[in-house]
Amino acid sequence: MSSHKLARGVALVGAGMSKFGSFKGKTSRDLFVEAFVEMLESVDKGIDQKEIDALYVGNYSSDLFEGQGHIAPIMASWTGLNPVPAVRVEDACASAGVAVREGILAVASGMYDVVVVGGVEKMTDLATEKVTDTLATAADVQYEIPAGFTFPGFYAAMATSYMAAYGATPETFMKVGIKNHENGSMNEKAQFGAKISTLMEARRQSAIKKGLPVPEWDSELEFLHDDKANPIIAWPLRLYDCSPISDGAAVVLLVSEDLAKKYTDHPIIVAGMGQASDGALHDRKELNSIPSARLAGEQAYRMAGITPADVDFAEVHDCFTVAEVIASEDLGFFERGKGWIAAEEGVTSRDGEKPINLSGGLKSKGHPVGASGVGQVVEVFKQLRGQAGPRQKSGPLKYGLTHNVGGTGQTTVVHIFERRD
Amino acid sequence: MENQFTHAAFSNYLNEHRLMGSRDKGNGAVFCPPRPIDPENHSSEMEWLEFKGTGKLQAFTIIYIGSSMMIAAGYDRKNPYCVGIVKLDEGPMISGLILGVDVFHPESIKIGASFKAKFIDRGEAEAQKSFLAFEPV
């Protein structure tokens with residue numbers, strides 16, 4: 001019988017990320033190097049690169065996005081890590097979260113003491129429709145895609161199921177977007193690090209400059225209801241309900257817990273983790289919750305010996321605004337059907353009882369799909385160590401959770417990190 | 001075992017405008033699309049079953065930015081399409097294009113409403129293929 005415990009403790013002692021955005025002239029390896037160097041610089045007592053035993057790289061589809069396969073040894077080469085074993089991990093948008101898990105398992109096994117885990121994706125070389133098709137390969141191309149589904153479409157369908165069951169409206173999801181853009185406005189690494197109100201004003205100014213009729217929006221919500229300013233992508237989801245197409249990389253350093261103090265006096269400990277898999281969206285018993293997320297969360301809480309109430313803050317997979325609401329229920333922060341009320345009441349805002357996506361989330365920070373899971377861990381590392389700058393959540397903070405979903409929940413991976421000092 | 005419950009077999013039936021799935025000979029559990037192994041009891045003793053094609057809408061969306069395949073089929077921002085998940089009367093849920101609904105008034109489309117299968121043929125001659133869609137009963 002499996003113990004579902006790590007054979008030895010694992011600690012996070014370094015974290016870095018590139019800016020997320022659209023970067024012409026930069027390839028995956030260029031972004032990965034930026035994140036890697038920032039990770040090295042974040043190690044309080046420094047690290048000699050020769051101590052690194054292995055590299056794990058989350059990446060969804062460099063093959064289709066850049067025409068480059070076999071990407072892990074290239075990342076090792078460009079960071080000077082050859083000849084260490086370099087492994088690419090692919091589980092769609094959960095690639096990087098699963099890479100973190102594989103890195104943790106490798107250290108816990110005793111095989112390695114020091115492991116680098118990164119994630120990278122370079123998406124913006126392709127035209128939007130090709131990106132849409134590439135992302136669609138993360139769904140079931142035999143039985144879902146021929147129906148006409150796209151990724152925004154899947155989450156929009158989950159939204160209609162959720163709205164019909166619990167009474168949420170499209171405005172609920174808009175409020176999640178407003179909140180995440182507010183958080184992202186304090187994150188210098190964010191792709192769209194501006195409040196919705198700022199984006200709205202920029203649009204007005206642009207109309208004035210071009211001599212076009214100047215739109216009059218009374219509020220952010222009115223702006224978000226405007227079909228021209230915020231077009232429908234897949235009803236009920238509009239442009240500002242969707243995370244952007246992004247380039248970016250993120251890298252963390254994992255070591256065995258007994259070695260952690262060699263690198264820092266403030267290591268972050270892996271307290272719990274969980275992962276589960278599932279079939280196509282239509283193959284599940286319910287459409288307004290993600291069963292793999294519930295299972296992954298339960299595993300992580302059990303391993304950490306805590307309950308959802310103990311989690312101080314979470315970075316959840318808000319690829320679409322509705323996904324954050326569903327995640328907040330799947331992770332047990334709120335009862336089923338109550339997550340949308342919590343979102344409307346500000347419980348998940350930075351000053352609420354359960355802050356979600358202090359980084360701005362995938363929505364504002366950006367979603368380079370194969371990097372996002374590590375990007376979440378970078379935020380938790382910084383928040384737990386009090387290094388999140390203007391967006392630092394006032395403490396004390398003990399537990400931070402990450403929730404990274406692949407597809408519509410064919411994969412979910414959850415980690416709980418703990419500050420013990 | 002040689003697996004006959006393949007996507008090719010399902011597609012061939014679909015091209016004949018038949019919605020076929022599999023049934024576990026032991027416990028009678030039914031699957032559409034067909035599965036070679038029952039995920040509950042792990043039995044691979046399956047037989048083919050024809051589904052009536054009727055069911056109830058469980059979730060839907062109106063897609064304005066479609067996949068390449070749907071753009072090629074003539075859909076765009078001005079001509080968006082509805083896609084949804086239907087729970088077949090026999091039990092399984094399946095994805096399909098939803099026809100015969102007012103895509104510009106999504107609030108008129110009701111979850112729980114009854115739909116029936118309609119087979120859409122696309123492409124010419126030997127390249128012709130059928131796709132599963134649903135329309136209101």
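Laboratory data are not the source of any read-out in this text; all were calculated from the coordinates shown. Please read all numbers here as calculations on a predicted model, not as lab measurements. All Cβ positions, even for glycine, are placed from backbone atoms using ideal geometry, and neighbour counts span all protein chains on display.
Please average, across the residues of B:54-61, the number of beta carbons from any other chain that are within 10 Å of each residue's own beta carbon, and give a whole number.
Whole-number average of other-chain Cβ neighbours for B:54-61 is 6.
Give the residue list of GluC sites (Glu not before Pro) in segment B:1-102 that are DSSP loop and have at most 16 other beta-carbon atoms within 10 angstrom.
Loop-located and lightly packed - B:2, B:16, B:40, B:45.
Tell me, what is the FRET efficiency for residue A:68 and residue B:114 to the nearest 0.05, using R0 = 51 angstrom and their Cβ-Cβ distance as r?
On the way: r = 49 Å, r/R0 = 0.96.
Taking R0 as 51 Å, the efficiency between residue A:68 and residue B:114 is 0.55.
Rounded to the nearest 500 deg cm²/dmol, what is the calculated helix-only ellipticity per residue at 222 nm for chain A, with -39500 (n - 2.57) per DSSP H run of length n ≥ 4?
After summing the helix terms and dividing by the residues of chain A, the value is -11000 deg cm²/dmol.
Does segment A:308-357 come out rounded, prolate or oblate by the C-alpha gyration tensor, with a ≥ b ≥ c the root eigenvalues, rounded set by a/c under 1.5 and, if not, prolate when a/b is larger than b/c and oblate if not?
Since a/c stays below 1.5, the shape of segment A:308-357 is classed as rounded.
On full extension of the chain, what length is gained from residue A:222 through residue A:394, given 0.36 nm per residue of separation minus the C-alpha to C-alpha distance? Kindly include the intermediate steps, with their values, before the conclusion.
Working: separation 172, 0.36 × 172 = 61.92 nm, distance 3.20 nm.
Once the chain is fully extended between residue A:222 and residue A:394, it gains 58.7 nm.
With springs only between Cα atoms under 10 Å, which of A:63, A:318, A:330 fluctuates most in a Gaussian network model of chain A?
A:63
At 222 nm, what value in deg cm²/dmol follows for chain B if DSSP H runs of at least 4 each add -39500 (n - 2.57) and the sum is divided by all its residues, to the nearest 500? Can you show the working numbers first?
Values: 2 runs with 14 residues, N = 137.
My calculation for chain B gives -2500 deg cm²/dmol from helical runs alone.
I want to check the label-to-label distance for residue A:169 and residue A:44. Put each point 7 Å from Cα in the C-beta direction and report it in nm to one decimal.
5.0 nm
Rounded to the nearest 0.05, what FRET efficiency is calculated for residue B:77 and residue A:210 with R0 set to 30 Å and r the Cβ-Cβ distance?
E between residue B:77 and residue A:210, to the nearest 0.05, is 0.85.
Of the GluC sites (Glu not before Pro) in segment B:93-137, which ones lie in a loop per DSSP and count no more than 16 other C-beta atoms within 10 Å?
Sites meeting the loop and neighbour criteria: B:124.
Applying 1/(1 + (r/R0)^6) with R0 = 35 Å to the Cβ-Cβ distance of residue A:258 and residue A:2, what FRET efficiency is obtained, to the nearest 0.05?
On the way: r = 23 Å, r/R0 = 0.66.
So the FRET efficiency works out to roughly 0.90.
Give the order of B:42, A:70 when sorted by the count of other beta carbons within 10 angstrom, beginning with the fewest.
Least crowded to most crowded, the residues run B:42, A:70.
At 7 Å along Cα-to-Cβ for each site, give me the label-to-label distance between residue A:127 and residue A:141 in nm.
If labels sit at residue A:127 and residue A:141, their model points lie 1.9 nm apart.
Mind checking the full-extension length gain between residue B:50 and residue B:99? Use 0.36 nm per residue of separation minus the Cα-Cα distance, one decimal, nm.
Fully extending the segment from residue B:50 to residue B:99 adds 15.4 nm.
Which whole-number percentage describes the relative contact order of segment B:54-136, with Cα contacts under 8 Å and a sequence gap of 6 or more?
30 percent
Sorting B:87, A:189, A:210 on the 10 Å Cβ count, fewest up front, what's the list?
With the sparsest Cβ surroundings first, the list reads A:210, B:87, A:189.
Could you tell me the relative contact order of chain A? Use alpha-carbon pairs under 8 Å, at least six residues apart, and round to a whole percent.
Computed value for chain A: 26 percent relative contact order.
Quick check: Cα centre of segment A:48-94 to Cα centre of segment B:59-80, how many Å?
Value for the Cα centre distance between the two parts: 36 Å.
Could you tell me which GluC sites (Glu not before Pro) in segment A:331-373 are loop residues by DSSP with no more than 14 other beta carbons within 10 angstrom of their beta carbon?
Sites meeting the loop and neighbour criteria: A:335, A:345, A:353.
Which one, A:117, A:87, A:13, has the greatest fluctuation when you compute a Gaussian network model over chain A with C-alpha springs under 10 angstrom?
A:87
Counting partner chain Cβ atoms within 10 Å of every residue's Cβ in A:152-164, what's the average?
Counting other chains' Cβ atoms within 10 Å and averaging over A:152-164 gives 6.
So which of A:195/B:78; A:122/A:195; A:19/A:175 end up more than 28 Å apart by C-alpha?
Those over the limit are A:195/B:78.
Under the definition of partner shielding as Cβ atoms of other protein chains within 10 Å of a residue Cβ, what is the mean value for peptide B:81-93?
Details: counts 3, 3, 10, 8, 14, 2, 2, 0, 0, 0, 0, 2, 8.
Going residue by residue through B:81-93 and averaging, the value is 4.
Just check segment B:31-137 against the gyration tensor rule for me: Cα atoms, a ≥ b ≥ c as the square roots of the eigenvalues, rounded for a/c under 1.5, and otherwise prolate or oblate depending on whether a/b exceeds b/c. Mind dumping the intermediate values first?
Numbers: a/c = 2.22, a/b = 1.44, b/c = 1.54.
Cα axes put segment B:31-137 in the oblate bin.
Just rank A:217, A:235, fewest to most, by other beta-carbon atoms within 10 angstrom.
A:217, A:235
Determine the principal axes of the Cα atoms in chain A, then give the extent along each, sorted from largest to smallest and rounded to whole angstroms.
61, 47, 46
Among B:21, B:53, B:74, which one shows the biggest mean-square fluctuation in a GNM of chain B, springs joining Cα atoms closer than 10 Å?
Among B:21, B:53, B:74, the largest mean-square fluctuation in the Gaussian network model of chain B belongs to B:74.
Counting Lys +1, Arg +1, Asp -1, Glu -1, what net charge surrounds residue A:191 among other residues with beta carbon under 12 Å of its beta carbon?
+2
Give me the one-decimal Kirkwood hydrodynamic radius in Å for segment B:70-109, with the sum taken over alpha-carbon pairs.
When all Cα pairs of segment B:70-109 are included, the Kirkwood radius is 11.6 Å.
Out of A:409, B:39, B:5, whose Cα points farthest toward the positive end of the dipole of the protein assembly as shown (charges: +1 Lys, Arg; -1 Asp, Glu; placed on Cβ)?
A:409
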